[in-house]
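Visitor: If you scroll down you'll find the structure; I have some questions about it.
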Amino acid sequence: MDSNKRPESMARITTPELAEAFIAEQIAAVKAQVGDKKVLLALSGGVDSSVVAALLIKAIGKQLVCVHVNHGLMRKGESEQVIEVFRNQLDANLIYIDATDRFLDLLKDVAEPEKKRKIIGGEFIKVFDEEASKLEGISFLAQGTIYPDILESDGVKAHHNVGGLPEDMQFELVEPVKLLYKDEVRVVGKALGLPASMVDRQPFPGPGLGVRCLGAITRDRLNALREADAILREEFEKNGLNQTVWQYFIAVPDMKSVGVKDDKRYEGWPAIIRAVNTTDAMSATIEEIPYALLHHITARITAEVEGINRVLYDLTPKPIGTIEWE
Ligand code: XMP
């Protein structure tokens, strides 16, 4: 039987009970596969790798070594959440690497989007590889592959996800959720006790804020983007829009305009809000955000974020605009 094919008879996991049954089944399978050997996992903090980590911690505890690489392009608080949940709450064997300087130094003065993506993807593999080679006795590599990844690996999916690891790594793979769809991964994650803020996370591109800090990234503009993005997320959550909008974020272009602050000329960047709905990310529509909320978000971002002096709302559907700006 092809182990990469979902059997017709496999019921969709929609309830905590079905999730528990799946978890028990996978714990037994992982234990049988791994024995007393060690398993390595690149833990990005995204839904899939987080669920795999929680499942493997339950199955094999400290035999799992998680490596979280902070490339400096995470949303505000995300690396902190990975540490809090996995190291402090689940008592995982977690190696945290703050590689911010390595990534930002390499990205300095690089404005071309595809070049930025390649640098981020390439450096991620290098950092992870270096860390893996320091560890002894690792026999397995765990991955958060899910069923759409298998279905799409025939060619449609053009994006190179950061976290895609080199093929010459000599490890046997452990992929406990590879036959699940995203909604099922979320149900399993909740049954494993992961926080909703982690399990219900929006899709987030592997190169992270790197493709939203448009053009050549500078630390001050990246910081402004991260702070403005955190305000947008906070306001969407407070107003329930996180339940109805599929993906929302801020992009900050590499240009300034003139403004006035405290009666003085204030040159700053615009923060561009993007909020879209889609089912498959191939096309997307624009969400109607209440004007009052847009005004409130504008007031907060321009008052609280150093370097931002305007807020714009992107009304462009996909096509013609892609969801991300780069
Ligand atoms: P676009 O911008 O192509 O995005 O309309 C469609 C979906 O894919 C996400 N995206 C990425 N995901 N690596 C990823 O893992 C990438 O380089 C990348 N670029 C875009 C985007 O956030 C949206 O959900």
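Visitor: Would a scan of the range 310-317 turn up a residue that is in contact with a strand residue (DSSP E or B) (Cβ under 8 Å, 6 or more places away or on another chain), within 13 Å of the ligand (Cβ to nearest atom), of a type in the set (Lys, Arg) and not in a helix (DSSP H, G or I)?
Guide: Looking for residues that are in contact with a strand residue (DSSP E or B) (Cβ under 8 Å, 6 or more places away or on another chain), within 13 Å of the ligand (Cβ to nearest atom), of a type in the set (Lys, Arg) and not in a helix (DSSP H, G or I), one finds none in the range 310-317, hence no.
Residues checked against (1) modelled with pLDDT of 90 or more; (2) closer than 17 Å to Ile95 by Cα; (3) within 17 Å of the chain's Cα centre (by Cα):
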{"position": "Glu112", "(1), (2), (3)": "yes, no, no"}
{"position": "Ile120", "(1), (2), (3)": "yes, no, yes"}
{"position": "Asp168", "(1), (2), (3)": "no, no, no"}
{"position": "Leu180", "(1), (2), (3)": "yes, no, no"}
{"position": "Glu184", "(1), (2), (3)": "yes, no, no"}
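Visitor: When you scan the range 195-220, how many residues do you find that are within 16 Å of the ligand (Cβ to nearest atom) and outside any loop (DSSP other than H, G, I, E, B)?
Guide: 5
Visitor: Here's another thing I want to ask about it. From the set of residues in the range 31-61 that are of a type in the set (Ser, Thr, Tyr) and buried (at least 24 other Cβ atoms within 10 Å of the Cβ), which is nearest to Lys134 (Cα to Cα)?
Guide: Ser44
Visitor: State the number of residues belonging to the range 65-102 that are touching a strand residue (DSSP E or B) at 6+ places or on another chain (Cβ under 9 Å), part of a helix (DSSP H, G or I) and hydrophobic (A, V, I, L, M, F, W, C).
Guide: Result for the range 65-102: 3.
Visitor: Considering each residue of the range 177-194, count those that are in a loop (DSSP other than H, G, I, E, B) and closer than 18 Å to Leu56 by Cβ, and give that number.
Guide: The total comes to 7.
Visitor: Which residues, taken from the range 62-86, are surrounded by fewer than 22 Cβ atoms within 10 Å (Cβ to Cβ) and either free of Cβ contacts under 8 Å to residues at least 12 places away in the same chain or closer than 22 Å to Asp149 by Cα (or both)?
Guide: Answer for the range 62-86, where residues must be surrounded by fewer than 22 Cβ atoms within 10 Å (Cβ to Cβ) and either free of Cβ contacts under 8 Å to residues at least 12 places away in the same chain or closer than 22 Å to Asp149 by Cα (or both): Val67, Glu80, Glu84.
Visitor: Between a residue in the range 215-240 that is in contact (Cβ under 8 Å) with a residue 24 or more places away in the chain and within 18 Å of Glu326 (Cα to Cα) and any residue that is in a helix (DSSP H, G or I) and of a type outside the set (Val, Ile, Thr), which pairs come within a Cβ distance under 6 Å, given they are 6 or more apart or on different chains?
Guide: Note: pairs meeting the criteria are Ile217/Leu107; Leu225/Leu209.
Visitor: Would you pick out the residues in the range 107-121 that are out of contact with any Lys or Arg (no Cβ under 8 Å at 6 or more places or on another chain) and either among the polar types (S, T, N, Q) or surrounded by 14 or more Cβ atoms within 10 Å (Cβ to Cβ) (or both)?
Guide: Taking the range 107-121 and keeping what is out of contact with any Lys or Arg (no Cβ under 8 Å at 6 or more places or on another chain), we get 108-109, 111-121.
Scanning the range 107-121 gives Pro113, Lys116, Arg117, Lys118, Ile119, Ile120, Gly121.
The values are calculated or read from the model by the stated rules, or taken from the named source; none is laboratory data. Only a predicted model underlies this, so the values are computations on that prediction, with no experimental measurement involved. When we count neighbours, we look across all protein chains shown, and the Cβ atoms used for this are built from the backbone with ideal geometry, even at glycine.
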